[in-house]
Each structure stands twice: as structure tokens, then as C-alpha cells.
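Participant: This is the structure I have questions about; it appears just below.
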Amino acid sequence: MWWDYQNLNAVRSDKSGTKWHFRVWHDVVASRHVARVFFWEEKRRISGVVLLSGDSRSDVRYLHGLIQKRVADPKLRAKHQRQIDFPLERHYQEYGTFPEERSD
């Protein structure tokens with residue numbers, strides 16, 4: 001489900017004035033709490049997602065810090081860069097697990 005409260009999806013600007021958008025999705029998948037922090041810049045040329053699994057913190061304070069770090073640091077954004085499809089709500093409603101998270 002989408003985390004539509006606590007100001008997590010507010011637009012933020014970096015030092016150069018580029019506007020960054022964020023959207024947080026969270027749920028329980030295979031008995032583990034998972035969260036995804038999607039991000040993209042205004043023109044959608046750069047996008048990505050930070051994967052948080054049951055071993056990761058996902059409280060609001062932590063998520064705000066994670067988001068602020070992605071706004072401030074291009075190297076952190078590059079680390080989690082990934083092509084994402086829009087609108088997010090249609091493409092990622094039943095998000096499940098990324099291949100690298102599976103323990104098969």
C-alpha cells in the first residue's frame with residue numbers, strides 16, 4: 001500500500017534547484033515487512049527505487065533521513081538508480097519482491 005501521509009511524498013529540491021519526487025510503498029510480503037522508496041526528478045530522466053526488507057528500518061524518521069540523503073547525494077541516487085514505470089500506482093500496486101531479494 002502507498003504511504004500517503006507524514007509528508008513522505010513531498011517534492012524536495014537539491015542544491016542545483018532540481019526537484020525530486022518521492023513515493024513510499026510498504027506491505028508484508030512472505031511474512032516480512034518490505035518498503036520501497038521510489039524517486040525521480042521532475043523530467044523523469046533519472047529514477048530509481050531503494051529496497052528495504054525486513055532487516056531494514058522503515059520507520060518514518062528513518063525514511064525522511066533516507067529521502068533527504070538521496071536529494072543531497074548524487075552518488076547515493078546512482079547506487080539505487082533503476083528505470084521505473086509511471087503511473088506508479090498502476091505498475092507497482094502489487095509490487096512483491098525484486099529478484100535480488102528472493103532467497104530461493
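The values are calculated or read from the model by the stated rules, or taken from the named source; none is laboratory data. What you see is a predicted model; the values in this text were computed from it and never measured. Positions of Cβ are backbone-derived with ideal geometry, glycine not excepted, and every protein chain shown enters the neighbour counts.
Participant: Across segment 66-93, what is the total count of residues that are out of contact with any helix residue (DSSP H, G or I) (no Cβ under 8 Å at 6 or more places or on another chain) and in a helix (DSSP H, G or I)? Break it down stepwise before answering.
Facilitator: As a first pass, look at segment 66-93 and keep what is out of contact with any helix residue (DSSP H, G or I) (no Cβ under 8 Å at 6 or more places or on another chain): 66-68, 71-75, 78-79, 81-83, 86-93.
Filter once more, keeping what is in a helix (DSSP H, G or I): 66-68, 71-72, 74-75, 78-79, 88-91.
Number satisfying all stated conditions: 13.
Participant: If you scan segment 1-17, which residues turn out to be assigned to a strand (DSSP E or B), of a type in the set (D, E, K, R) and exposed (fewer than 15 other Cβ atoms within 10 Å of the Cβ)? Steps first, answer last, please.
Facilitator: Step one: of segment 1-17, the residues assigned to a strand (DSSP E or B) are 2, 12-13.
The next check asks that each one be of a type in the set (D, E, K, R); those that pass are 12.
Within segment 1-17, no residue meets the criteria.
Participant: Let me ask something else about it. For residue 62, work out the one condition from (1) surrounded by 15 or more Cβ atoms within 10 Å (Cβ to Cβ); (2) farther than 22 Å from residue 91 by Cβ; (3) modelled with pLDDT under 95 it doesn't fulfil.
Facilitator: Checking residue 62 against (1) surrounded by 15 or more Cβ atoms within 10 Å (Cβ to Cβ); (2) farther than 22 Å from residue 91 by Cβ; (3) modelled with pLDDT under 95, the one that fails is (1).
Participant: Hey, any hits in segment 72-88 for a residue that's closer than 20 Å to residue 28 by Cβ, surrounded by 11 or more Cβ atoms within 10 Å (Cβ to Cβ) and touching a residue at least 24 places away in the same chain (Cβ under 8 Å)?
Facilitator: yes
Participant: Hey, can you tell me all the residues within segment 38-68 that are touching a residue at least 40 places away in the same chain (Cβ under 8 Å) and of a type outside the set (Phe, Trp, Tyr)?
Facilitator: If the condition is that a residue be touching a residue at least 40 places away in the same chain (Cβ under 8 Å) and of a type outside the set (Phe, Trp, Tyr), then 44, 51, 53, 60, 63, 64, 67, 68 are the ones that fit.
Participant: Do the conditions hold for residue 47, that is, is it at pLDDT 95 or above and either closer than 17 Å to residue 85 by Cβ or among the hydroxyl-bearing types (Ser, Thr, Tyr) (or both)?
Facilitator: So residue 47 fits the description; yes.
Participant: I need the full set of residues from segment 18-43 which are surrounded by fewer than 19 Cβ atoms within 10 Å (Cβ to Cβ), at pLDDT below 95 and either in contact with a Leu (Cβ under 6 Å, 6 or more places away or on another chain) or part of a loop (DSSP other than H, G, I, E, B) (or both), in order please.
Facilitator: Listed by number, the residues that qualify are 30, 31, 42, 43.
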